[in-house]
Structure formats: C-alpha cells, structure tokens
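Every number in this text was worked out from the coordinates using simple rules, so none of it is lab data. Worth saying up front: this structure is predicted, and the values here are computed from it rather than measured. When we count neighbours, we look across all protein chains shown, and the Cβ atoms used for this are built from the backbone with ideal geometry, even at glycine.
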Amino acid sequence: MTQIFDNPAHFADEALDGFVAANREYVARVDGGVVRSTEVPSGRVALVVGGGSGHYPAFAGLVGPGLATASACGNMFASPAAGQVYRVAKAANAGGGVLLSYGNYAGDVLHFGQAQLRLNAEGIETRTVLVTDDIASAPLDQIEKRRGIAGDLTVFKIAGAAAEAGLSLDEVERLAIRTNLHTRSLGVAFDGCTLPGAAEPLFHVPAGQMSLGLGIHGEPGISEHPMPTASELAELLVSRLLEDRPEAAGNRVVPIVNGLGTVKYDELFLLFGKIEKVLVSAGLEVVEPECGELVTSLDMSGLSLTLLWLDEELERYWAAPADTPAFKKGTLAPRARRAQAGPEEVVAADAEEPAAASAHLGRLAAAVLAQVRDVVVEHEEELGRLDAIAGDGDHGIGMRRGVDAAAAAAEAMAAAGSSVARVLTAAGEAWSERAGGTSGALWGSAVIAAGLALGNRASYRGEDAADAVTAFTAAITELGKAGPGDKTMVDALLPFRDAFLRNLDGGTQVAKSLAAAAVAAQEAAEKTSELRPLKGRARPLAEKSLGHPDPGAISFGLIAQRISTYIDSELAAAAGKGARA
C-alpha cells in the first residue's frame, strides 16, 4: 500500500519535487514535468516522453543524455494536461524539432495531440510516435489500438540515442516507429495496486490465481489462470510473444523482464534465467537484456516480459550509451550544466505589443467566454443527466469546470490589454487543464486554435472570422478523430462551420452568418438522437443512447446559440449608441 504522504492529493507533485531534489545533476523542474539540467547541443531533436505519475522509473527517470530530453508528468495514472506538455516541450526544444512519444492511452493521445497542434502552429515542428507493444490489448491486425506498457523503454531508448547522434527529426521518428513495430510485451499480475489515500487496491486477484494481460494503470488482466511455476510462467510469456512475432524479424532479441512494483529482484532474476533458456531453445540469440523495475504501477504485484527484435540499425542505437537517473548504459562524457531561465526572463521573452484592434477583440472574446460560462452553468444538470444515459454523467460538471477556468483566464488577460491570441490561448490552456478528460482536451485545443488563427493584427475582416471557425473545427476533428455520424460534438460542429462559411461567402455579415450557423448546429444536435455512438464512452452502450441526443453536440448547440444572441445584442447596442451620437 502507498502510505507515505502528507496529503494524497499532492502526492504526484511532491514526489516529483523530491525526485528532482535527489537528481539535480540530471534534471531540472519545469512547469508540467522535468527537463535535462545539462546542455543539449543546438539543432538536436528533443525527445519528450511522459504520461501519468506512479510508473517510476518511467517517465521522469529516463531523462538524461542518450535518452529523453524531457518528461511531462501528469497526476497519478492520469495524462499530463496539454498545457503541461506544451510548456515542457517548449523548455526542451533545442531547434531540431520535437518528437513526442508515450503509451497509447486515450487521455494521453488527446492532451499530447493538443500540445502538438499548438507547437506546430508556433513553428516548432513536432511529431508523435505512440507506443503500442501490449499484445493483450488488441489483435495484431489492430496494432494501432494496442496499449503501451514496458515497451516504452525500447522506443524511448532508440529514439533518444538517434537524437543524441544528431539525426534529423525524420530519422528519429522513423527509428522510433520501427522500434515500436519490432516490440512486443505481455504482463501478469498477482494483485492490484493502491492509489495514495485509497483504502483498497484497484482490483484483487483471487488467491492461487494469476491475471494475464494487465495494464499499467491498475487495469486487471483479460483472463485469470492458476498460479504457475516460474518455468511455466516463462514458457507462457515467451510462447505468447513469439506467436505475435513481427514480420521479417531476425533471431536477435532484447528481452526485458520488468517488475511492476512489489515483485522482488531475486524473483525477477530467477524468472529471467528461465526465460533466457526458453528463448535460446527457440533459436533466438539474447542481446543486451534488461531485468528490473523499468515501468512500474505503484505497488502492483506483477511483472511483464518485453521482446525487441533487432536489426543492425536498431541494435546500434539500443547499445548506444545513456546516462539518466534510472537507466545507464555505457559511458558518456560529462555535460555542462544548462542555464535555466528564471521567471523574470520567461516573462520578458514572452512579452508582446498588442495591436489596438486585437486587444479590443480580446476583450470581446473574454465577454463571449463569460456568456459561454453562463449557458453551461444554466444547463449543467441537464447535460449531466443526458450524459448519464449512456456515459458516466460527468459532461455537465466537466464543461462547467473547464469554462469556469477559461472565462477567468480570459478575463484576466483581457484586463491586461492582451491580444485576442493571448486571451484565447490562456483560456484554452485553462479549459484543458481544469476540465481534463476528452471534452477538456478538445475544447481547450479548439479555443487555442481559434486564438492563433486570429493572431495579433492591426485590423480584422470577415475572412478572419472564417479562419477562426475553420481552425476551431480542424482542431477538434484532427485531435478527436471523430467524423459525421459518430454521434459526437462533431455532428453539430460541422453543420455550424458549413453554414457559417456558406453564408459568409455569400456576402452575409458575420453576425447573421453566425445566427444561421447556430440554428444549423442546434438542429443537427437534436438529430443525433437518431444515431448510435461510434466513438467515446457511450459506444459500448449504443442501444441505450438511441433516442437521446449526444450531450457534446447539445452543449455545442447551446453555446453557439448563446454566442450568436450575445454578438447580435452587442452589435445592436453599438448601433444604438452610434445613432444617439
């Protein structure tokens, strides 16, 4: 049981602070995670890894020369927020581009994806390689749906070595993808892990049983089996992985026996000896193996086996030196300390001169977000009840948390006279970090994208509004991967976009185009009651959802209508003042 803490709510942050204090020669604390405390040569690719806390040595323990440049660190078993990933990647960037790599989990995909969109929009070329090594989580023909578990290490190590060698972003990405395709893992659990402050583990395995195919976030396995002997366990793990062997794989493999938290090293070594014998008898040659705790799950009683099939190129980078707090290989020359920018320097470097038109639009954007907050508060309970029909019922409260934070952040930035880009970027970051989950990532990303599209200009025209709507829509569709008919917010968003652009292109003013778009969005949202969900948490309960509209589409329709009404009233008030003058 995890029991050393003052306040369990602060566990992840305080553990990370202590980790940095103990490893200052390797890492420095930044907002959202850690970055190398030693110099990174200019022009090098920055490998930014990350995920939830509770998996040490992953992810912060793998930051150092020859491996990761930085790690974004979320709460316990929870993705870091998009703003955290963005800030960590900005701190890590050395001018050669950024490669984001992490396990294939929905929250991570959304939040890292949102950060990637923002980094690319700012001119920092950013790519992503997902780790999908867990053979228990999906069949081989759906490898893109598999989770990432201890195979994180092989992908991170080879990508980090390639970056250390000065390879381009294209080449680092290519090697990371190839490593992932050559990596397979399978885990077993003997009992679950306990989150800080919790009275019970997330799951239990019956006495005398073993759970096969566990995840690293406290997920139980997919099947239970009588507890095997060490030799039987070695045979089971190796045989399952060999059945999933990559195409054209050679006979040289890196085996990684990974302890998940409470299995002792003596046991891991004993099992490794059995596994090596099975591999050799299968005609495989063992190359530079690893055995120990590498990707854990707090105090979970369990372990996993990873196999990386090598070719000549992958072997070269697997064998390359690395020096991090938790993973060392070979010898590297000492590195100079990196100069860390203080808060004053960051503020100075981030200063802007907002154009008057952009600052005015920023104040309007803050007022619009206040209206969005009001309509969400008004309908919070209704949205929650609608979401509870086939989901977890948190859509209303999640939207409330997000928009409360976004409106407050926008108000503060607008009061300071910031540009509309700064106002909406701050609002989007706050929405994402406070709301969390899918809707938080999507709305946060979209608000930021709209702000970046509007920028900081001396004047604005209708075409700029079209660009903002297009950017808002693209952020949601690209990040969420939902399309028409999937029964999501997109089913209201696309009709909104199309109606707005169609009316604007036809010469209609922005306000009237917005009004037509809001009507289209609300009508489309209501029609989602006829659809079965193909995405999101409602998908497994498709029949229950039939006959009820999608809560995400409904909330978007309500927001679109409130914005339209507000803009129309503001224009009418402005016209009245002009007439009186």
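Structure values in brief
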item	result
For region 8-329, the Rg and Dmax computed from alpha carbons only, in angstrom	18.4, 56
Projected-area mean, region 217-260, by convex hull of Cα positions, square nanometres	4.6
Using a Förster distance of 41 Å, the FRET efficiency for Ala356-Arg174 (Cβ separation, nearest 0.05)	0.30
Karplus (6.51, -1.76, 1.60) ³J(HN,Hα), θ = phi - 60°, over region 513-527, in Hz, Gly and Pro reported as x	5, 5, 4, 5, 5, 5, 4, 4, 5, 5, 5, 5, 4, 5, 6
For the chain, with +1 on Lys and Arg beta carbons and -1 on Asp and Glu, the positive-most of His204, Ala524, Ala70 along the dipole	Ala524
Test item: Cα-centred dipole of region 1-79, Lys/Arg +1 and Asp/Glu -1 on Cβ, debye	300
Computed label-point distance, nm, for sites Gln142 and Glu463 using a 7 Å Cα→Cβ extension	4.6
Environment charge at Ala435 (Cβ cut-off 13 Å; Lys +1, Arg +1, Asp -1, Glu -1)	-1
Pairwise label distance in nanometres, Ala282 with Leu181, each label 7 Å out on the Cα-Cβ vector	2.1
Theoretical ellipticity at 222 nm over the chain - DSSP helices of four or more residues, -39500 (n - 2.57) apiece, nearest 500	-16000 deg cm²/dmol
Quotient of C-alpha Rg and 2.2 N^0.38 Å, computed over the chain	1.03
Positive-end residue of Ala12, Gly160, Ala415, charge dipole of the chain with Cβ unit charges	Ala415
Cα Rg, Dmax, region 352-573, angstrom units	16.6, 54
Signed unit charges on C-beta, dipole axis of region 352-573, positive-most listed residue Met399, Ser569, Ala482	Ala482
Point-charge dipole on Cβ atoms (K/R +1, D/E -1) for region 8-329, about Cα centre, debye to 20	480
Charged-residue dipole, Cβ positions (Lys, Arg, Asp, Glu), the chain about Cα centre, Debye nearest 20	900
Debye log10 I(q)/I(0) for region 238-383, one point scatterer per Cα, at q = 0.16, 0.17, 0.18 Å⁻¹	-0.94, -1.04, -1.15
Rg(Cα) / (2.2 N^0.38 Å) computed for region 18-122, rounded to two decimals	0.96
Global size of region 227-288 as Cα Rg and Dmax, reported in angstrom	12.0, 36
Angle between the chain longest axis and helix 462-480 axis [Cα atoms, degrees, rounded to 10]	30
Extension gain (nm, one decimal) between Glu14 and Gln509, 0.36 nm per residue minus Cα-Cα	172.9 nm
